[in-house]
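Visitor: Have a look at this one.
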Amino acid sequence: MDLGHGILSQGSSPGCPAAECSESGLTCGLHSRCRGSPGDLRCECQPGWSGQDCNTATSPATFQVNSYVKLALSFTPLAYSTSLQLRFRTRRRRGELVVLSSQHGRDRLALQLVRGRLCLILHLHPEDPRSLCLTRAALTDGRWHSVEAYR
């Protein structure tokens with residue numbers, strides 16, 4: 001059982017226990033891991049991999065200053081759950097990495113670099129925006145970094 005981290009979680013680990021995955025008959029490939037909860041288990045590709053069996057390496061994209069990609073989803077996302085993962089490398093100290101917004105732009109989840117630190121900003125209208133920044137991880141060293149965010 002995933003109890004997170006802390007004194008009460010000794011002997012637990014993030015995600016599904018291997019026993020739950022194997023009992024369900026679910027086997028995840030080399031570049032994926034079991035995620036979910038009992039009755040809703042699934043294999044999730046690790047950053048850098050995609051496809052049905054997570055055997056296809058993803059290709060990096062290069063963006064210039066002030067460039068972006070806008071995606072139109074071919075499905076309706078879950079209203080109360082969001083997950084995203086990405087890998088990036090940069091030497092810039094500020095800028096948006098990912099912005100997810102509702103159709104009318106009232107709700108918004110953003111991952112951005114602020115003074116070289118990763119910040120997640122969540123704005124669910126009509127509430128005020130909330131932000132969480134990692135203070136100890138410097139991410140502007142030009143190396144690849146993996147980020148996973150779940151709501």
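Visitor: Report the residues of region 112-142 in range of a label on S102: point 7 Å along Cα→C-beta, backbone N strictly under 16 Å from it.
Guide: Those under the cut-off are 122-130.
Visitor: Got a sec? How would L134, L100 order by Cβ neighbour count within 10 Å, fewest to most? Walk me through the numbers on the way to the answer.
Guide: Values: L134 12, L100 17.
Ascending Cβ contact count within 10 Å gives the list L134, L100.
Visitor: Using a basic spin-label model with each label point 7 Å from the Cα along Cα→Cβ, how many nm lie between T82 and S37?
Guide: Between T82 and S37, the simple spin-label model gives 2.1 nm.
Visitor: Order these by the 10 Å Cβ neighbour count, fewest first: V114, V65.
Guide: Values: V114 13, V65 6.
The fewest-first ordering by Cβ neighbours comes to V65, V114.
Visitor: Give the order of T58, T135, T90 when sorted by the count of other beta carbons within 10 angstrom, beginning with the fewest. Write out the running numbers ahead of the final one.
Guide: On the way: T58 13, T135 8, T90 17.
So the residues, fewest neighbours to most, are T135, T58, T90.
Visitor: I'd like the GluC sites (Glu not before Pro) in region 66-151 restricted to DSSP loop residues with at most 11 other Cβ atoms within 10 Å, sorted by number. It would help to have the intermediate numbers written out before the result.
Guide: Working: sites: E96, E127, E148; in loops: E127.
Loop-located and lightly packed - E127.
Since every read-out is calculated from the coordinates, none of them should be taken as a lab result. Every value quoted in this text rests on a predicted model; they were computed, and no experiment measured them. Note that we place each Cβ from the backbone using ideal geometry, even for glycine, and neighbour counts take in every protein chain shown.
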